[in-house]
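Asker: Just dropping this structure here.
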Amino acid sequence: MPAVPAPTGDDSAAQSNVTASAGAPAPSASSLDDEGDVAADYIEELLDICDLDGDIDIEVIDGRAYISVNASGDSNLRILSRPDTVAALQELTRLAVQTKTGEFSRLILDVGGSREQRQRELEKLVDDAVAQLDAGSDAAHLEPMSSYERKLVHDIVAARGLTSESEGEGRDRHTVVSRG
């Protein structure tokens, strides 16, 4: 398989929307637009090398660039939409952005709706944790997951009126759900 080239050029098909972020200082909207553009260029070249069809959208939400790759139902893009593959592509894309911009990237990559699917899976995990609490457990320990996924779980848990915290280190870091 040929090496994936470093990002170059400008992707005129990429669209960028900026939403103001709250809280800690975040990268400027301009630097996040640049990050999204570099990431879109990198993904576009990867798709070309792999002869895959996909449309790339860029959004900036809460101080983070979100890159979405989507295609019509008959596309071969599903090859890249497995969660482990998306996670690996996200890390490669972050490295490409960091190499080009010299700045750490927190971008999120979604391929073919994989993030939405994972959101539903995380909601199911929280449902199972709630069932454990309803059955008398003091706490329910979820599987280890990325910091981004743990944040999503914390948000789901909070929306259901429960509490959660992250425990463990490195690859064993996981979320514990409790009633409070």
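The values are calculated or read from the model by the stated rules, or taken from the named source; none is laboratory data. Predicted model, so just to flag it, every value in this text is computed and none were measured. Ideal geometry is used to build each Cβ from the backbone, glycine not excepted, and the neighbour counts take in all protein chains shown. When the accessible area is computed, the model is the full protein with side chains, heavy atoms only, and any ligands, DNA or RNA have been set aside. Shrake-Rupley method; radii C 1.70, N 1.55, O 1.52, S 1.80 Å.
Asker: If SER105 satisfies every condition in (1) part of a helix (DSSP H, G or I); (2) buried (at least 16 other Cβ atoms within 10 Å of the Cβ) but one, which is the exception?
Answerer: (1)
Asker: Pull out all pairs, ordered by first then second residue, where Cβ-Cβ is under 8 Å, the residues are six or more apart or on different chains, the first lies in region 47-66 and is under 12 Å from ASP33 (Cβ atoms), and the second is of a type in the set (Phe, Trp, Tyr).
Answerer: Within 8 Å, the pairs are ILE58/TYR66; GLU59/TYR66; VAL60/TYR66.
Asker: Against the definition (surrounded by 15 or more Cβ atoms within 10 Å (Cβ to Cβ), modelled with pLDDT of 70 or more, more than 19 Å from the chain's Cα centre (by Cα) and not basic (Lys, Arg)), how does GLU45 come out, yes or no?
Answerer: Considered against the rule, which asks whether it is surrounded by 15 or more Cβ atoms within 10 Å (Cβ to Cβ), modelled with pLDDT of 70 or more, more than 19 Å from the chain's Cα centre (by Cα) and not basic (Lys, Arg), GLU45 comes out as yes.
Asker: Within the group LEU142, LEU92, LEU133, which residue is within 22 Å of ASP48 (Cβ to Cβ), at pLDDT 95 or above and of a type outside the set (D, E, K, R)?
Answerer: Matching residue, one of LEU142, LEU92, LEU133: LEU92.
Asker: Please pick out the residue among ASP62, ASP74, ASP57, ASP84 that is out of contact with any helix residue (DSSP H, G or I) (no Cβ under 9 Å at 6 or more places or on another chain), of a type in the set (Asp, Glu), over 17 Å from SER147 (Cβ atoms) and open to solvent by 50 Å² or more (accessible area, probe 1.4 Å). Can you show your working first?
Answerer: Working: ASP62 fails: over 17 Å from SER147 (Cβ atoms); ASP57 fails: out of contact with any helix residue (DSSP H, G or I) (no Cβ under 9 Å at 6 or more places or on another chain); ASP84 fails: over 17 Å from SER147 (Cβ atoms).
Every option except ASP74 fails the conditions.
Asker: Can you confirm whether LEU80 is of a type outside the set (Val, Ile, Thr), over 25 Å from GLU169 (Cα atoms) and either in contact (Cβ under 8 Å) with a residue 60 or more places away in the chain or touching a strand residue (DSSP E or B) at 6+ places or on another chain (Cβ under 6 Å) (or both)?
Answerer: Numbers: of a type outside the set (Val, Ile, Thr): yes; over 25 Å from GLU169 (Cα atoms): yes; either in contact (Cβ under 8 Å) with a residue 60 or more places away in the chain or touching a strand residue (DSSP E or B) at 6+ places or on another chain (Cβ under 6 Å) (or both): yes.
Criteria met by LEU80.
Asker: Report, by residue number, each residue of region 143-164 that is over 24 Å from SER114 (Cα atoms) and either without any contact (Cβ under 8 Å) to a residue 12 or more places away in the chain or assigned to a loop (DSSP other than H, G, I, E, B) (or both). Give the derivation first.
Answerer: So the first thing to find is which residues in region 143-164 are over 24 Å from SER114 (Cα atoms), and the list is 161-164.
Once the filter is applied, which keeps residues that are over 24 Å from SER114 (Cα atoms) and either without any contact (Cβ under 8 Å) to a residue 12 or more places away in the chain or assigned to a loop (DSSP other than H, G, I, E, B) (or both), region 143-164 yields GLY161, LEU162.
Asker: Criterion first (over 25 Å from VAL69 (Cβ atoms) and either surrounded by 19 or more Cβ atoms within 10 Å (Cβ to Cβ) or modelled with pLDDT of 95 or more (or both)) does GLU167 satisfy it?
Answerer: So GLU167 fits the description; yes.
Asker: In region 86-104, what residues are of a type in the set (S, T, N, Q) and more than 12 Å from the chain's Cα centre (by Cα)? Before the answer, list the steps.
Answerer: Of the residues in region 86-104, the ones of a type in the set (S, T, N, Q) are 90, 93, 98-99, 101.
Selection gives GLN98, THR99, THR101.
Asker: Hey, any hits in region 114-124 for a residue that's among the small types (Gly, Ala, Ser), within 13 Å of the chain's Cα centre (by Cα) and in a helix (DSSP H, G or I)? Explain how you work it out, then say what you get.
Answerer: Taking region 114-124 as the starting set, the residues that turn out to be among the small types (Gly, Ala, Ser) are 114.
Then keep just the ones that are within 13 Å of the chain's Cα centre (by Cα); that gives 114.
Among the residues that remain, those that are also in a helix (DSSP H, G or I) are: 114.
Yes, region 114-124 contains at least one residue that is among the small types (Gly, Ala, Ser), within 13 Å of the chain's Cα centre (by Cα) and in a helix (DSSP H, G or I).
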